[in-house]
Amino acid sequence: MNSFALERHALIEELRRSGIRDPRVLAALEETPRERFVPSDLRGAAYEDRALPIESDQTISQPYIVALMTEALQLSGDELVLEIGTGSGYQAAVLARLARQVCSIERHPELAVAARHLLASLGITNVQVHSGDGTLGWPDGAPFDRVIVTAAGHHLPPALLEQLAEGGILVMPVGGLDQQVLRVVRKVDGQPVSEDLCGVRFVRLIGAEGWQA
């Protein structure tokens, strides 16, 4: 093992001790080289369990939160997943190992281009990255079996619930600017049934059905 592989393995053990149980999720994180998704000057911190800054004043989420959100999606391998907030592409790379297809929306065009190239360089072919307003989802691809939102909104954008398939699961942080809760929403008879997992802090979800820039 190289040094990054050793650090990655140690992180997986830390996540397991922190309560992440799904073996497929743990395996997907161990197979995904997080050091490729962080700025070059921060690669030494790639396997610390904390969020790190990336370009365009965005962040790559804490590995524990990536694992927790992914586990909450309850992926079996055949799902079509909508991701809102591509960022570096790390979460999409993890999802790609666990779902049939991932459609990811990023509002910063430069991040979308960079993530698209990076995912391709890693041989990941089942992720489509689009540039646009993620609060409006991606109607052309709907319905989606799962939706994951990697930025915090003050409410659940109606478009995302509309594009979620019946019985599907949506995971997103919801709350104010400084503190939010990680909410898991299942669509039952067209209505949201919600459960809150824990407190979190994410960057703002900006768009027509989110915060204003």
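Read-outs throughout are calculated quantities, based only on the coordinates presented, and are distinct from any laboratory measurement. Bear in mind the structure is a predicted one, so any value in this text is a computation, not a measurement. Using ideal geometry, Cβ is built from the backbone for each residue, glycine included, and neighbour counts are taken over all protein chains shown.
Kindly evaluate Ala115 against the criterion of being in contact with a Ser or Thr (Cβ under 6 Å, 6 or more places away or on another chain) and among the small types (Gly, Ala, Ser). Please lay out each step first, then the result.
Numbers: in contact with a Ser or Thr (Cβ under 6 Å, 6 or more places away or on another chain): yes; among the small types (Gly, Ala, Ser): yes.
Judged against the criteria, Ala115 is a match.
Testing Ala93 on (1) free of Cβ contacts under 8 Å to residues at least 40 places away in the same chain; (2) crowded, with 23+ Cβ neighbours inside 10 Å; (3) over 17 Å from Val147 (Cβ atoms), one condition comes back false. Which one is that?
It fails just one condition, (1).
In the list Arg21, Arg8, Arg36, Arg43, which residue meets the criterion of being surrounded by 15 or more Cβ atoms within 10 Å (Cβ to Cβ), on the phi < 0 side of the Ramachandran plot and either of a type outside the set (Lys, Arg) or in contact (Cβ under 8 Å) with a residue 40 or more places away in the chain (or both)? Step through it out loud before you land on a result.
Details: Arg21 fails: surrounded by 15 or more Cβ atoms within 10 Å (Cβ to Cβ); Arg8 fails: either of a type outside the set (Lys, Arg) or in contact (Cβ under 8 Å) with a residue 40 or more places away in the chain (or both); Arg43 fails: either of a type outside the set (Lys, Arg) or in contact (Cβ under 8 Å) with a residue 40 or more places away in the chain (or both).
On inspection, the qualifying residue turns out to be Arg36.
Can Ala142 be described as within 24 Å of Ser76 (Cβ to Cβ) and in contact with an Asp or Glu (Cβ under 6 Å, 6 or more places away or on another chain)?
So Ala142 does not fit the description; no.
Looking only at the stretch 83-125, which residues are over 13 Å from the mean Cα position of the chain (by Cα) and of a type in the set (Val, Ile, Thr)?
Val113, Ile124, Thr125
Which condition number in (1) free of Cβ contacts under 8 Å to residues at least 24 places away in the same chain; (2) in contact with an Asp or Glu (Cβ under 9 Å, 6 or more places away or on another chain) is the one that Pro158 fails?
(1)
Scan Leu75, Leu80 and give me the residue that is hydrophobic (A, V, I, L, M, F, W, C) and closer than 17 Å to Ala27 by Cα.
Only one candidate passes the filter, namely Leu75.
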